[in-house]
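Coordinate-derived values only; no laboratory data. Computed from a predicted structure; not experimentally measured. Heads up, the Cβs are rebuilt from the backbone with ideal geometry, glycines too, and the neighbour counts pull from every protein chain shown.
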Amino acid sequence: MPGNSLALRLFLWATGWTVVILIVTGVALSSLYRQAVERAFDRRLDVYLRTLVADVASPEEGGEKFPQSIGEPLFELPLSGWYWQVVRLDTAKPEVHSSRSLWDSALPRLPTDDGSTATGGYRKGYAVGPEDQKLRIVERNIDLGDDGRYLIAVAGDAQEINEEMVSFDRLIGATFGGLAVALLLTTALQVRFGLAPLKRISESLAAIRSGEAERLEGAFPVEIAQLARETNALIEANREIVERARTHVGNLAHALKTPLSVLFNEATARPDDPLAQKVREQTEIMRHQVTRQLDRARLAARSSVVGGTRIDVPPVITALARTMEKLHRERHIAIALDVPEHVYFQGERQDLEEMIGNLVDNACKWAHSRVGIEVLADAAAANAKPRVRIIVDDDGPGLSPAERERVARRGQRLDESKPGSGLGLSIVVELAGLYGGALALSTAPIGGLRAELALPAAG
């Protein structure tokens, strides 16, 4: 997807929000699970704490006030991470009794201002114990009156909580990672499917421009159906405007050319009359000007057509070559063709016939005996459209560089003995320019003039 692609924007937007939502959800779930694990761990510690409170508050008759075991072997294992401790607070020197697992160490006390929970003398929180172990501690103050005041604490190895959280985080990370991949793939498919109608419209417009279709066809979603209808309406309206313009141009051509022809013929019939010579001269100028302006109007109308027609070039050239051989039969001009089977021009057939016809007719007029026509299809280069090149060679006298520049201008003729108005090559130049093409004149390998016409090709 290109950098300015709508599909890429939608995909990146959806991807960003998906990642953010999954990360926030994962952090929230991890936090909630840690709280659940800590509550379960605290309940376990509370059982041992209540047992110690009961033993301290109501010792069995004749029994020890501070038992060494409360039903958990880990309290007997030195530095196991599981400890209990009872401290009498109302004596001059605090009396400390602890589990054997504490060995000769002591449990740290939980301050009440470090975030640990304190409710009615009951606190819980984390602290660092013997051997730098991280402990989860619950402690409680009890007042037995004459029997004294005590601080009772039970601690468990917080590594169990951490291991449980690591296992959970790995599981939720793998789960959310798979979910993210699935969501991104789904998003990509949704974007591709959702924008498919736009791609169809783009392909249909390309087909219209290449002449393969005349309008947007098919059913489109309601969101872009109106766009398709308006586009078709615009294409039809443009075609109607162009058709009306062509009709007006044709009517104007007939309306002007007939009176001018009458004036020209009447003046020609009186060769000795100075006024008739002046009328003929000015009439000829008017005919050239009218032809030029009508051609410009006709070409502008054709160039405004949305899209174009896909014309197979070889059949057009073959037909024109046969026609030109018949027209120049008395001069025995041989026209050699070198054309591929199929090469397509994107444009109007009558324009292609007019351009090639002018070039071939001009070559036949000046050739001694041979004219060659070659058609080449150039593949599209980087940032360029494909081209079709039509090369017309003759074995005539050829032209110098200055003469080549001159004949491309409208109405310029190098030899008045040859028939024609001098408009042929200039019309080819204007027509080719309207299609984004060009006409180049050079020396032909067979000795005369080479005219190379480059036009847009259709796929």
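Using Cβ contacts closer than 10 Å as the measure, can you line up K199, K93, K257 from fewest to most? Intermediate results must be reported in sequence, preceding the final value.
Details: K199 11, K93 6, K257 15.
Fewest-to-most ranking of K199, K93, K257: K93, K199, K257.
What list of ³J(HN,Hα) values in whole Hz, one per residue of the range 363-377 in order, does the Karplus curve 6.51 cos²θ - 1.76 cosθ + 1.60 (θ = phi - 60°) give from phi, with Gly and Pro shown as x?
5, 5, 5, 9, 6, 7, 8, 10, 9, x, 10, 10, 10, 10, 10
For a protection proxy built on the mean count of beta-carbon atoms within 10 angstrom, sort 99-105, 228-234 highest first, please.
Numbers: 99-105: 16.9, 228-234: 14.1.
Taking the mean over residues of other Cβ atoms within 10 Å, the ranking is 99-105, 228-234.
At a Förster distance of 51 Å, what's the computed FRET efficiency of E353 paired with A276, Cβ-Cβ distance as r, to 0.05?
Working: r = 37 Å, r/R0 = 0.73.
Taking R0 as 51 Å, the efficiency between E353 and A276 is 0.85.
Using 20 Å as the cut-off for backbone N distance, which residues of the range 16-48 belong to the label zone defined by a point 7 Å from the Cα of T175 along Cα→Cβ?
Residues passing the 20 Å test: 18-41.
Set the Förster distance to 30 Å, then compute FRET efficiency between N265 and Q289 from the Cβ-Cβ distance, nearest 0.05.
The pair N265/Q289 has a calculated efficiency of 0.95.
Taking the chain, how many lysine pairs are there with alpha carbons less than 21 Å apart, if each pair must be eight or more places apart or span two chains? Could the numbers behind the result be given before it?
Working: K65/K93; K124/K134; K199/K385; K257/K278; K326/K365; K326/K418; K365/K418.
Lysine pairs meeting both conditions in the chain amount to 7.
Could you give the size of the charge dipole of the chain about its Cα centre, using +1 on the Cβ of each K and R and -1 on the Cβ of each D and E, expressed in debye and rounded to the nearest 20? The partial results should precede the final answer.
Values: 54 positive and 61 negative charges, 547 e Å.
For the chain, the charge dipole is close to 2620 debye.
Points 7 angstrom from Cα along the Cβ direction at T247 and K93: gap in nanometres?
12.4
When only Cα pairs under 8 Å and 6 or more residues apart are kept, what is the percent relative contact order across the chain?
10
Does the chain come out rounded, prolate or oblate by the C-alpha gyration tensor, with a ≥ b ≥ c the root eigenvalues, rounded set by a/c under 1.5 and, if not, prolate when a/b is larger than b/c and oblate if not? List each step's numbers first, then the result.
Details: a/c = 6.07, a/b = 4.64, b/c = 1.31.
Here the chain falls in the prolate category.
What order do you get for Y33, Y122 when you list them from fewest to most C-beta neighbours inside 10 Å? Let's see the in-between values first.
Values: Y33 16, Y122 13.
By the 10 Å Cβ count, ascending, the order reads Y122, Y33.
For V249, V262, V360, what ranking results if the residue with the fewest other Cβ atoms within 10 Å of its Cβ goes first?
Numbers: V249 19, V262 11, V360 26.
Lowest count first: V262, V249, V360.
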